[in-house]
1. Quick one: would you say residue 265 is at pLDDT below 95 and closer than 22 Å to residue 287 by Cα?
2. Looking at 177, 172, 125, 110, which one is of a type in the set (Gly, Ala, Ser), touching a Pro at 6+ places or on another chain (Cβ under 7 Å) and free of Cβ contacts under 8 Å to residues at least 60 places away in the same chain?
3. Would you point out the residue of segment 46-71, among those that are of a type in the set (Ser, Thr, Tyr) and over 21 Å from residue 121 (Cα atoms), that is modelled with the lowest pLDDT?
4. State which residue is farthest from residue 140 (Cα to Cα) when the search covers only segment 82-105 and only residues that are among the β-branched types (Val, Ile, Thr) and within 19 Å of the chain's Cα centre (by Cα).
5. Can you find, within segment 268-300, the residue that is modelled with the lowest pLDDT among those that are small (Gly, Ala, Ser) and either surrounded by fewer than 22 Cβ atoms within 10 Å (Cβ to Cβ) or part of a strand (DSSP E or B) (or both)?
6. Is it the case that residue 253 is surrounded by fewer than 16 Cβ atoms within 10 Å (Cβ to Cβ) and modelled with pLDDT of 95 or more?
7. Taking segment 256-292, which residues are over 23 Å from residue 38 (Cα atoms), of a type in the set (D, E, K, R) and touching a residue at least 40 places away in the same chain (Cβ under 8 Å)?
8. Inside segment 175-218, can you point out the residues that are hydrophobic (A, V, I, L, M, F, W, C), surrounded by fewer than 22 Cβ atoms within 10 Å (Cβ to Cβ) and in contact with a Leu (Cβ under 9 Å, 6 or more places away or on another chain)?
Amino acid sequence: MIKRNFLAVTVMALTVAFATSCKSDKYSSGDAVCVSGSDVYIAGSVCDGSSVTNCPTLWINGVPHSVGSVGNFNSAKSVFVSGSDVYVAITENEQNRALLWKNGITEQLGGVAIGNEANSVFVSGNDVYVAGVESDRPTLWKNGVPQYLGYNGGAKSIFVSGEDVYVVGYEGGAFAGTAILWKNGVAQKLSENLSEANSILISNGDVYVVGTENRVATLWINGVSQPLSYEKSSAYSVAVLNGNVYVAGQGFDAQLRSVSALWKNGIRQSIDSEMGYQIMSVVAENNKIYIAGTSKNSTPLWVLDAE
């Protein structure tokens, strides 16, 4: 059973400067959540009045801070905390830029081209990795230097374990390609079907990947696929806690409206309808499940007790 719990939000003192040009007066979307000690970070966006014009935003313990420019479908896609440093991967869709934000300073990754994306950031030792897209190519930046993983596709998520660098995404056109896992730059197909890999996690030596296959939410464990539904759905994030595997994503209700979905060990859970139309990120820490998704006039975060 999963019990709902509300997060008590406190304001922490910051040693970095944030812009404050965006205001959260309508809808907010959390694309990624990161827990560091007692602090909770969310990367996402707030809507300034229309359904597509957004401001990339970083929430720290519930307090929103602008980290990018306003534009159609602009968003902070990933956040990683290493010591006292906070890293955010940002896609500015309208400006055609992939960005890395660190402690208030923004670095552009690559050039300016339609479809450029920064989707995931991971820090290991002194190395900073960003997975994304540059000029329609799945790209891995290491300390700002690009490595092109293919000729057509996208890199969606990265995880570093020891000396091994894992990246997942797709080859081929968006929504018309095949799910790929790159390990140290070498591609492995996860499916021969229409598919896309959205997120990766390494836990106790096992490789967990989530995404879609034949338009159905799918979990791959060490390359073996497990469909999570028999209806149209998507899986965006995965977490493991006490031997239990949690997958967050999106499904549809009886009226074919998008609704948030959370699976535990392959079984869809009953969750609060306030969680909006999709869950983009799930993290397991401190015996709690942290969920980032869509919300109206509030921080896009829910915290559940895990049993």
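The values are calculated or read from the model by the stated rules, or taken from the named source; none is laboratory data. Quick caveat: nothing in here was measured; it's all calculated off a predicted structure. Positions of Cβ are backbone-derived with ideal geometry, glycine not excepted, and every protein chain shown enters the neighbour counts.
1. In short, no.
2. Details: 177 fails: touching a Pro at 6+ places or on another chain (Cβ under 7 Å); 172 fails: touching a Pro at 6+ places or on another chain (Cβ under 7 Å); 125 fails: touching a Pro at 6+ places or on another chain (Cβ under 7 Å).
Of the residues listed, the single one that is of a type in the set (Gly, Ala, Ser), touching a Pro at 6+ places or on another chain (Cβ under 7 Å) and free of Cβ contacts under 8 Å to residues at least 60 places away in the same chain is 110.
3. Here the answer is 50.
4. The first filter runs over segment 82-105 and keeps only residues among the β-branched types (Val, Ile, Thr), leaving 86, 88, 90-91, 105.
From what is left, the residues that are within 19 Å of the chain's Cα centre (by Cα) are 86, 88, 90-91.
Details: 86: 19, 88: 15, 90: 14, 91: 14 Å.
Once the filter is applied, the top-ranked residue is 86.
5. The selected residue is 273.
6. In short, no.
7. We begin by selecting, within segment 256-292, every residue over 23 Å from residue 38 (Cα atoms); these are 256-274, 276-278.
Keeping just the survivors that are of a type in the set (D, E, K, R) gives 257, 264, 268, 272, 274.
Within segment 256-292, 264, 268, 272 meet the criteria.
8. 175, 176, 181, 187, 207, 216
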